[in-house]
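Shown next, in structure tokens, is the structure this report addresses.
What follows is calculated from the coordinates using simple rules that are stated; it is not laboratory data. Bear in mind that the values here come from a model prediction, so they are computed numbers and not experimental data. When we count neighbours, we look across all protein chains shown, and the Cβ atoms used for this are built from the backbone with ideal geometry, even at glycine.
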Amino acid sequence: RKEVEQDPGPFNVPEGATVAFNCTYSNSASQSFFWYRQDCRKEPKLLMSVYSSGNEDGRFTAQLNRASQYISLLIRDSKLSDSATYLCVVNPGRYGQNFVFGPGTRLSVLP
Amino acid sequence: GAVVSQHPSWVICKSGTSVKIECRSLDFQATTMFWYRQFPKQSLMLMATSNEGSKATYEQGVEKDKFLINHASLTLSTLTVTSAHPEDSSFYICSAPYRGIGEQYFGPGTRLTVT
């Protein structure tokens, strides 16, 4: 089983739609969780950290369920500019703090 | 905010030559930096962890003699791809952890094409 798993998509949604991405991780000792966004041929950029209590940043809501080892990202009122690959990222807490990346979920928001 | 730079942003080289990629943290010190590689339509894969003042730690399957890493200062790590082959063509990205165990900041990446 891969350490971090995501549905690769693509998710094709119309502008204004609400879309949700899921992610599961295998290491129960993982310490921190993030959603990154990666545009084509660009580096990943932090979208938001994910906290146990859930957190919201504008149209984006992230949830963490440690018991189920599950992370989610909800995007409301999708914009064309939201089209990108969304990477679920887990810090397993090993030495060196290296991140483990999921394969990413590709989102295309259509006009 | 924290910024990580990489140089060059793209490079084309001939098979058998060596290429050096620099990764700099511009407004913070990084005792650790990470080097990733990303092939088309695949996720980032960690290659190695660069440690300032000591040897790099390589992930399984990554040849340390082929991918030379030097972390000479608290703001600079270099990755040298030696005797490059076409299969080394990829997007190489470095990152540095910021604010403890939390976020990482990524360089803009270096696109390497070996002909």
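For segment B:21-95, what relative contact order do you get, as a whole percent, if you take Cα pairs closer than 8 Å and at least 6 residues apart?
Values: 134 pairs, mean separation 27.7, N = 75.
About 37 percent, as a whole number.
Using θ = phi - 60° in the Karplus curve 6.51 cos²θ - 1.76 cosθ + 1.60, the 3J(HN,Hα) couplings for segment A:55-62 round to 8, 10, 9, x, 7, 10, 10, 10 Hz; x is entered for Gly and Pro.
Considering only alpha-carbon pairs that sit under 8 angstrom and 6 or more positions apart, the relative contact order computed for segment A:1-62 is 23 percent.
By the Cβ distance rule of under 4.7 Å, chain A has these cysteines without a partner: A:C40. For the peptides A:50-61, A:35-46, B:14-25, residues were scored by their other Cβ atoms within 10 Å and the scores averaged per peptide; the highest-first order is A:35-46, B:14-25, A:50-61.
The three principal axes of the C-alpha atoms in segment B:1-47 carry coordinate ranges of 36, 23, 17 Å, sorted with the longest axis first. Residues whose amide H lies under 5 Å from that of A:L107, counting only those 5 or more places away or on a different chain, are A:F11, A:A84, A:T85, A:Y86; hydrogens are built 1.01 Å from N in the peptide plane. When only alpha carbons of segment B:49-104 are considered, Rg and Dmax amount to 12.6, 37 Å. Calculate I(q)/I(0) for the protein assembly as shown by the Debye formula, one identical point scatterer on each C-alpha and no solvent, and give its log10 at q = 0.09, 0.10, 0.14 Å⁻¹ to two decimals. Results for the protein assembly as shown at q = 0.09, 0.10, 0.14 Å⁻¹ read -0.37, -0.46, -0.88. Each of the peptides A:68-74, B:82-88 was scored by the mean count of other Cβ atoms within 10 Å over its residues; in descending order, highest first, they stand as A:68-74, B:82-88.
The mean sequence separation of alpha-carbon pairs under 8 Å and at least six residues apart, normalised by the residue count of chain A, gives a relative contact order of 37 percent. Normalised size of chain A, defined as Cα radius of gyration per 2.2 N^0.38 Å with N residues, equals 1.02. For B:L44, no residue has an amide H sitting under 5 Å from its own, ignoring neighbours fewer than 5 places away on the same chain, with H placed 1.01 Å from N.
The amide H of B:E103, built 1.01 Å from its N in the peptide plane, has B:Y98 as neighbours under 5 Å, considering only residues 5 or more places off or on other chains.
Largest first and in whole Å, give the semi-axes of segment B:20-115's equivalent ellipsoid, each being the square root of 5 times a Cα gyration tensor eigenvalue.
Working: eigenvalues 91, 43, 29 Å².
Sorted largest first and rounded, they come to 21, 15, 12 Å.
Annotation: segment A:37-76 has a Kirkwood hydrodynamic radius of 11.2 angstrom, from the mean reciprocal C-alpha pair distance.
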